[in-house]
2 protein chains.
Amino acid sequence: MDVPIPEILKKPMEVDEKIMTGAGPSNYHPRIRHAMSLPVLGHLHPETFKIMDDIKIGVNYLLQTNNSYTFCISGSAIECALMNVIEDNDVIVIGCCGQWGTRAENIAKRLNADVKVINKEPGEQIEVEETRIFFEQYHPKVFFLTHGESSTGMLQQNLEQFGNLCQEFDCLFVVDCVITVGCTPVYVDKWKIDVAFMGTQKVLNAPPGISPITFSARAFEKIVKRKSPVKSYNYDAVNLSKYWKSGDEPRVYHHTVCSTLLYGLREAIAIFIENGGLEASWKNHQNVAKHFYTLLEKNGLELFITDPKNRVPSVTAVKVPENIDANEIIKHSMNEYNVEISGGMGQTKGKILRVGLMGINCKEIVAECVAKILIEATRKLNEE
Amino acid sequence: MDVPIPEILKKPMEVDEKIMTGAGPSNYHPRIRHAMSLPVLGHLHPETFKIMDDIKIGVNYLLQTNNSYTFCISGSAIECALMNVIEDNDVIVIGCCGQWGTRAENIAKRLNADVKVINKEPGEQIEVEETRIFFEQYHPKVFFLTHGESSTGMLQQNLEQFGNLCQEFDCLFVVDCVITVGCTPVYVDKWKIDVAFMGTQKVLNAPPGISPITFSARAFEKIVKRKSPVKSYNYDAVNLSKYWKSGDEPRVYHHTVCSTLLYGLREAIAIFIENGGLEASWKNHQNVAKHFYTLLEKNGLELFITDPKNRVPSVTAVKVPENIDANEIIKHSMNEYNVEISGGMGQTKGKILRVGLMGINCKEIVAECVAKILIEATRKLNEE
Ligand SMILES: Cc1ncc(COP(=O)(O)O)c(C=O)c1O
Ligand SMILES: Cc1ncc(COP(=O)(O)O)c(C=O)c1O
């Protein structure tokens, strides 16, 4: 053979169990791990279709919508959202106060959109009034907002007002709900969100790689009437909606979905519902987050988002104390306790630490452990 | 709540174990199922990077290449291949004699390429000489071929000659090796293939949703020098190569890869190597396929690809006997025996049945069972 058998593959792989309290992925529930060990099903088997149908219903509940056009992407939902609603030279306004606004900008530019960015400092809110000025000036076809900025721990306010603004200007409202679904209210229909997508690997404790997304009838109609085809076969919402059977037409093959990821997601939604559903989960995430804030502040640590109501309960950003290297804290936590703490991202790199208390990790005891590690590491590094 | 808790999610899901002898996905090995039940790792953990490194080395072995730019896509590799090498108005020549040529055409048109298709009947070979005529007329930047057409069971010949032709015309050679890797020789370097991608859910018995792909230095250089950005963030080979650390630069976050899918793929490659690697697997797939052909032909069934050397060992296409409904055979096999047989696809729908004897299902006993079912079902339906 030109390329011989590599010896390295003869050694078994090593997978450690860690406490996944970074910004995501979060730990799987043992039942989710079991679900993922089940036998593979074909992408066109009736059992798979049943699981897909259940997931659609579950996602509509989680997103509080009655949309028909709800399905999952094998891949990234943010790209799917933008691919479908943007055509060449379309104006898109992006509210950007962190990593995910920047990602949306990156994608929109690749799609040859006319991109207008409302640029705020990391952690700042996008305001309705400044957005209105952009709308009046540019008359965008699409407006993008991040509901929970995982790079700063910020919760964007006033989504319903933004929704009304979008209606007024006949603009599609696209919202990244990846870290908010399940930890704080998200009402897709009531807030008139046209395209919303959520994460699986955050509050749900489900595997990444399969991303739920929903399109309003208004958004879908615009997609159907596009002048140019969607620039990707895989992300084409019309094709995907047929495979996921959004209408009455027979199902059509689109791609080989990974049944294992569907099992994990289906099981995660089932567990979420068994545990009391949205209200119970919102309350739990808010309570545990508050407990965590108190522990940190009592011990002299500062939160990056100063106004408590603007903090997203799932991911808390803690300021790195002066003269301390963020990486040292992260390393200390992982090496000593097998506990993951994330660093900053983009503009917040080195300035903040991020802690995710999500789903099965959203417990007072976990909050207390992570707080203790943070406090201890800070003291230790201060003494050195 | 606007949308109440759905009752349907309170029932457990049902996942049957089936004999997955359709065109793919194939069954997981029990060790792969175990690997997929392991705890989640972060997309930036050193253990994950180690597994990614091992997979890269394993994929280079499977594809017989020394390329640096080898990685996996969370999603579909065929789209990633074309997204990166096509710019607006670039001429691409596509050899099309089945579903995957048609898919490539669909994707290339979305990318605004100038698409020239060598259109052959399903099951026919693309010939080097007719391709040369296209090259002389259109001077393409990209040439696409499917090595194993899973929609017809055809094995494309003369890849090395096509590789030489592409060199002569300074054209990038893109080859779909999804169903050929592991069942018949594939030599990416020797054949001068510039972009090759393979399937996980076929001969490897690994989960779908994570697709290995490799780029030659020549291809990568052209991608780096593109005039316009790749139209997708997720499929951008330069970003992906940084995340997968193809060069000496530090790793950069790109997207949240699903560690579970990496475990499944890593374990599948390890098992493949333990079982003797490529030569052993080629031999086994060829022998079992031949045994299967003989059993069918002895009992009056006809194969869709008449010349035995043009049959791909992993997926065999059997002509549907006259006056028989293909779906009845498929249903009989699944309902009575829990054995999957696939129907045709696109132009071959209703005309052929497709049987995949791949990886752990590539055994004489499995071939005999499926042959028996096909023969029995045909007799039964003939009598009715
Ligand atoms: C030859 C070939 N190419 C590509 C693919 C990839 O298909 P998908 O996009 O469904 O994963 C397949 C899967 O069936 C295939 O058989
Ligand atoms: C707010 C937010 N949006 C989107 C994503 C999706 O990211 P990825 O493409 O890494 O799955 C993430 C993941 O970290 C996120 O936190």
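Summary of values
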quantity	calculated
Number of positions in the range B:84-107 that are closer than 20 Å to B:His139 by Cα and either more than 10 Å from chain A (Cβ to nearest Cβ) or surrounded by fewer than 23 Cβ atoms within 10 Å (Cβ to Cβ) (or both)	15
Count of the range B:230-259 residues which are away from ligand 2 (no atom under 12 Å from the Cβ), open to solvent by 10 Å² or more (accessible area, probe 1.4 Å) and either within 8 Å of chain A (Cβ to nearest Cβ) or in a loop (DSSP other than H, G, I, E, B) (or both)	10
Test set (1) under 15 Å from A:Ile78 (Cβ atoms); (2) among the hydrophobic types (A, V, I, L, M, F, W, C); (3) within 14 Å of chain B (Cβ to nearest Cβ) - A:Val188 fails condition number	(1)
Among residues of the range A:279-321, those that are open to solvent by 70 Å² or more (accessible area, probe 1.4 Å) and either within 16 Å of ligand 2 (Cβ to nearest atom) or part of a loop (DSSP other than H, G, I, E, B) (or both), counted	2
A:Lys309 vs. criteria within 21 Å of the chain's Cα centre (by Cα) and of a type in the set (Lys, Arg)	yes
Qualifying positions in the range B:194-205 - assigned to a loop (DSSP other than H, G, I, E, B) and away from chain A (no Cβ under 13 Å)	B:Asp194, B:Met198, B:Val203
Scope the range A:145-177; condition within 14 Å of chain B (Cβ to nearest Cβ) and within 16 Å of ligand 2 (Cβ to nearest atom); matching residues	A:Ser150, A:Ser151, A:Asp176
Considering residues of the range B:75-114 that are without any contact (Cβ under 8 Å) to a residue 40 or more places away in the chain and within 11 Å of ligand 1 (Cβ to nearest atom) only, the residue nearest to B:Lys225 (Cα to Cα)	B:Ile107
Count of residues meeting criterion [in contact with a strand residue (DSSP E or B) (Cβ under 6 Å, 6 or more places away or on another chain) and open to solvent by 20 Å² or more (accessible area, probe 1.4 Å)] in the range A:1-55	1
Which listed residue, of A:Glu302, A:Glu274, A:Glu279, A:Glu267, is of a type outside the set (Gly, Ala, Ser) and out of contact with any helix residue (DSSP H, G or I) (no Cβ under 9 Å at 6 or more places or on another chain)	A:Glu279
Sole residue being facing chain A (nearest Cβ under 10 Å), among the small types (Gly, Ala, Ser), farther than 30 Å from B:Met154 by Cα and outside any strand (DSSP E or B), chosen from B:Ser26, B:Ser37	B:Ser37
Answer residue from the range B:206-229, given it is within 13 Å of another protein chain (Cβ to nearest Cβ) and open to solvent by less than 10 Å² (accessible area, probe 1.4 Å) and is farthest from ligand 2 (Cβ to nearest atom) among those	B:Thr214
Any hit, the range B:139-152, residues being away from ligand 1 (no atom under 13 Å from the Cβ), touching a residue at least 12 places away in the same chain (Cβ under 8 Å) and either surrounded by fewer than 18 Cβ atoms within 10 Å (Cβ to Cβ) or of a type in the set (S, T, N, Q) (or both)	yes
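The values are calculated or read from the model by the stated rules, or taken from the named source; none is laboratory data. Source: prediction; values computed, not measured. Every residue, glycine among them, receives a Cβ derived from its backbone with ideal geometry; neighbour counts consider all protein chains shown. Just so you know, the surface numbers come from the protein's heavy atoms only, side chains and all, with ligands and any DNA or RNA stripped out. Shrake-Rupley method; radii C 1.70, N 1.55, O 1.52, S 1.80 Å.
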